[in-house]
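Quick notes on the structure that follows.
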């Protein structure tokens, strides 16, 4: 599965192909909706109605940039639902209720600086252990004070 943007033209054997030509054989690709798989936290997640381009000749699958973003979001939503994880909005709500910036929460959880931003914008998903820690911070009085005291 490959990803391309509409403005990118692919060259094959010196010829410039259209945006929707198969990068393998040059045949015009057809738009389809169907099952595609994407890894999330080491697990293959199947998205049932993913829009993509497919070559009728060699069956190469190509994702436009917007299709790839939608596929990723869909896979993350399915993963969160499967494991009962907090949603991106839930995470933002917890952080805002505690009056923390994304950087402050990342520091308290010993995470990289952009991790919370990725979770809140649904570009990535937290692990089950991080989900449990976020729930503890939300539900257990004093847990935030404990993290502040022990954060490195």
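Just so you know, all these numbers are worked out from the coordinates, no wet-lab data involved. Keep in mind the model is a prediction, meaning the values are calculated, not measured. Counting neighbours? That spans all protein chains shown, and the Cβs are built from the backbone with ideal geometry, glycine included.
Could you tell me how many of the residues in the stretch 101-152 are part of a loop (DSSP other than H, G, I, E, B) and over 28 Å from residue 74 (Cβ atoms)?
Count: 7.
Which one is surrounded by the fewest Cβ atoms within 10 Å (Cβ to Cβ), of the residues in the stretch 136-150 that are within 14 Å of residue 108 (Cα to Cα) and within 28 Å of the chain's Cα centre (by Cα)?
Per the stated criteria, the residue is 136.
Any chance you could count how many residues in the stretch 83-100 are surrounded by fewer than 16 Cβ atoms within 10 Å (Cβ to Cβ), assigned to a helix (DSSP H, G or I) and touching a residue at least 40 places away in the same chain (Cβ under 8 Å)?
Residues flagged as surrounded by fewer than 16 Cβ atoms within 10 Å (Cβ to Cβ), assigned to a helix (DSSP H, G or I) and touching a residue at least 40 places away in the same chain (Cβ under 8 Å) within the stretch 83-100 amount to 2.
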